[in-house]
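Shown next, in structure tokens, is the structure this report addresses.
The values are calculated or read from the model by the stated rules, or taken from the named source; none is laboratory data. As the structure is a computational prediction, the values presented were derived from the model and not from experiment. Cβ sites come from the backbone with ideal geometry, for glycine too, and all protein chains shown count toward neighbours.
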Amino acid sequence: MTESGAESELRGNGSVRKGCDPFAQTQRSKLQHRRARINQQINKEMRMRAGAENLLRATTNNKVKENVALELSFVNSNLQLLKEELEELNSSVEVYQNGKGIPSLKQMSLNFSSSESVSVPMIPLGLKETKEVELTMPLKDIIEEHYNEAACKYEKELKELMDLRQAMRTPTRNEAGIELLMEYYNQLYFIDNRFFPPNKNMGIFFHWYDSLTGVPSYQRALAFEKGSILFNIGALYTQIGARQDRTTKEGIDHAIDAFQKAAGAMNYLKENFSNAPSLDMSTPSLNMLVRLMIAQVQECVFEKVMVAGIKDEFLMQLQSAQEAARVADVYSLVYQTMTQPPVKNYVPFSWTTLVQVKSEYFKAVSHYFAAVALCDHIMGPDDEESEQVKALQQLHVTIPEGPSLITVLKDKEERRKLGKAHLKKAIIKHEEAMRIHSLCRILRKMDILQEVLAIVHKRSLKKYSEIDHEDDFFDTVEAPEIHPKTQQKPEIKTPNFSKVKVTDIFHRLGPLSVFSAKNRWTPAREVHLKKSEKGFGFTLRGDSPVLIAGVVPDGSADEAGLREGDYLVSVNEQDCKWSKHTDVVQLLKNISTDGVSIGVITLITSEQQNNQADRKSLLGTMSSASIFSGNDKENSRKIADSSKSPGLLLTWNKKKNSSKDGSTHSLPFIAVTDDGSFY
């Protein structure tokens, strides 16, 4: 089943979540199922080997030692086979390729002046897989214990969150899949602030599998969930880039954009997340992946030149040679990174081999284009001579010994000699690429790569035979290295999370500025006020939620227990957590009766929380001692009473209120608001 055919829609709270059906047997899901099975077998064999090794060390019976040694040989053999099978799964890059982006053998022309491009497979990343996480019950507990609200009121929100997490496990390989992952990533910001206190363990474990080894890792921190989603954003971009049709300019541009965004996601992950529990998210691995993506961007830039068509012009041939040399250089850097520990023992051998093959392949291509430019060039007019000499000077890292560049340009025989040296170097590099390719069993199965290497090698041999003369008695000079140069430098595009607008799923809990996991507040208390001729006797300030800025001494609000610093959350049971200042004022003005019931809460400062913890500790100590005098019992009762009403511990200011212009006015009965309205 194709991935597009496996799409399903997951609905939550009226919204539509699109993801691949996790029960459909797509190629990606088959890979992960096989990887999970192999890892279980590897763990089983490793436990058996550990037990056998312990027995071998402990026993003194020679017959037992012989049997155990024989068993160990079988176990080690099975382990080796399983590891090879796992590596083959991790190297299944062809699953993510687009057949249109890789020309067939008939399409490949021996002459690169053709508009057809010769493409080799790219290296995409598999997504990190995750286990299901039960978030409903822990979040319900927080809603009831921390927010003092009935959890049953938030069933839709909880279902929407779980649907969103389920959908993001199988994103489609297109822009919709990227937006789905970004939506969940942005939603985690709200979830983190709503439900994960900074100094409290929630007991929720997030399980994720390593993208290459399939080894599971878990952490309690929500940062692990966010980091894994960010990794998958980058991995999904690599799959989108690999599936583009790179025989067209438009397809190559899309591939370049995707690989640059993949590099940006991996780089952002490296810079913002630390202490990764899995190797794929470690700094060395992310460094390698960023460089790999940049190299694949550079390869696409070269293919873009090929699609545009190589004209039989001297300057265009030299430009192509320098572009190919640039690709070879960046792949050489990736290869050096892959062969350094700890990445060396982690990256699949087929990846390392493919990168090395590409490095040698593009070196050969660069020398081939240099040879074609020199051998097929016809001297232009005199006004072009200086530009051509300058281009030839920029082509080589070092100026070749012998005749001057002008002489080389004007003398057909000298051009042929230098071109022949470049062709000889190209053939040597092609043969080296084919030799390295033959060392990897997995790459030998990739028919398209073998065809590409064989065709370009034959093309160089054909060109060499055309310019090789039987009467050549001169020694072939050593071809100088091609100076790498590119017309389009790759960019590292940081993910633009702001383009995916999300609304806090648990919006009804209230504004995050107050109603968050890091804050604590008293349970909402109802305050009944009677409106006198001069008003209710309090002032308001701010928005969402509105703050009680001042309370008139001995006024209606003061007598009812309203305090400066309280937040107004309801008026006559109408929720006002998200209400603007003017809306609340207008609501109070429109009250027809003489009385009103408002709901308020009081934030508990960190100092007060510490004092309460100290009082609870003191009460526990006194209770365990069971030695209370009359005064001790009275004091403990007062402490217990005060702990039940933390709002009474807050101080409030009865000073005169200051307006925006700095003037002060007394507030005997009339409450004046910040915008000048009063009630």
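Brief remarks on what is shown
- Residue match in the stretch 115-136 (condition: in a helix (DSSP H, G or I), at pLDDT 70 or above and surrounded by fewer than 21 Cβ atoms within 10 Å (Cβ to Cβ)): yes
- Residue ID - nearest to the chain's Cα centre (by Cα), chosen from residues in the stretch 532-556 that are closer than 27 Å to S513 by Cα and among the charged types (D, E, K, R): D543
- For the residues S498, S438, S513, the requirement of being among the polar types (S, T, N, Q), without any contact (Cβ under 8 Å) to a residue 24 or more places away in the chain and outside the structural domain of Q260 (by TED's automatic domain parsing) singles out S498.
- Where a residue in the stretch 589-614 is surrounded by 16 or more Cβ atoms within 10 Å (Cβ to Cβ) and at pLDDT 75 or above and its partner, wherever it lies, is of a type in the set (A, V, I, L, M) and part of a helix (DSSP H, G or I), with Cβ under 8 Å and at least six apart: V596/L588
- Of the residues in the stretch 427-443, at least one is touching a helix residue (DSSP H, G or I) at 6+ places or on another chain (Cβ under 7 Å), in a helix (DSSP H, G or I) and at pLDDT below 90.
- Matching residues, the stretch 352-398, being at pLDDT below 65 and surrounded by 12 or more Cβ atoms within 10 Å (Cβ to Cβ): M379, G380, E384, E385
- Check on T539, of a type in the set (S, T, N, Q) and crowded, with 20+ Cβ neighbours inside 10 Å: yes
- Within the stretch 487-520, being under 27 Å from D543 (Cα atoms), touching a helix residue (DSSP H, G or I) at 6+ places or on another chain (Cβ under 7 Å) and of a type in the set (V, I, T) holds for V500, V502, I505.
- Residue match in the stretch 316-323 (condition: assigned to a helix (DSSP H, G or I) and closer than 30 Å to W208 by Cα): no
- Exactly one residue among L181, L139 is out of contact with any strand residue (DSSP E or B) (no Cβ under 6 Å at 6 or more places or on another chain), more than 15 Å from F515 (Cα to Cα) and part of a helix (DSSP H, G or I), and that residue is L181.
- Condition broken by Y218, with the remaining ones in (1) outside any helix (DSSP H, G or I); (2) free of Cβ contacts under 8 Å to residues at least 40 places away in the same chain satisfied: (2)
- Residue in the stretch 495-509 that is within 30 Å of K412 (Cα to Cα) and under 47 Å from the mean Cα position of the chain (by Cα) present: no
- Of all residues in the stretch 468-521 being of a type in the set (F, W, Y) and modelled with pLDDT under 90, the one that is surrounded by the most Cβ atoms within 10 Å (Cβ to Cβ): F474
- R11 being modelled with pLDDT under 70, loosely packed, with under 13 Cβ neighbours inside 10 Å and of a type in the set (D, E, K, R): yes
- The set of residues from the stretch 263-274 being more than 8 Å from the chain's Cα centre (by Cα) and assigned to a helix (DSSP H, G or I) comprises A263, G264, N267, K270, E271, N272.
For every residue, the table says whether it meets (1) crowded, with 24+ Cβ neighbours inside 10 Å; (2) within 22 Å of E481 (Cα to Cα); (3) among the aromatic types (F, W, Y).
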| position | (1), (2), (3) |
| --- | --- |
| R291 | no, no, no |
| E299 | yes, yes, no |
| A308 | no, no, no |
| L315 | no, yes, no |
| Q319 | no, yes, no |
| E323 | yes, yes, no |
| V327 | yes, yes, no |
| T337 | no, no, no |
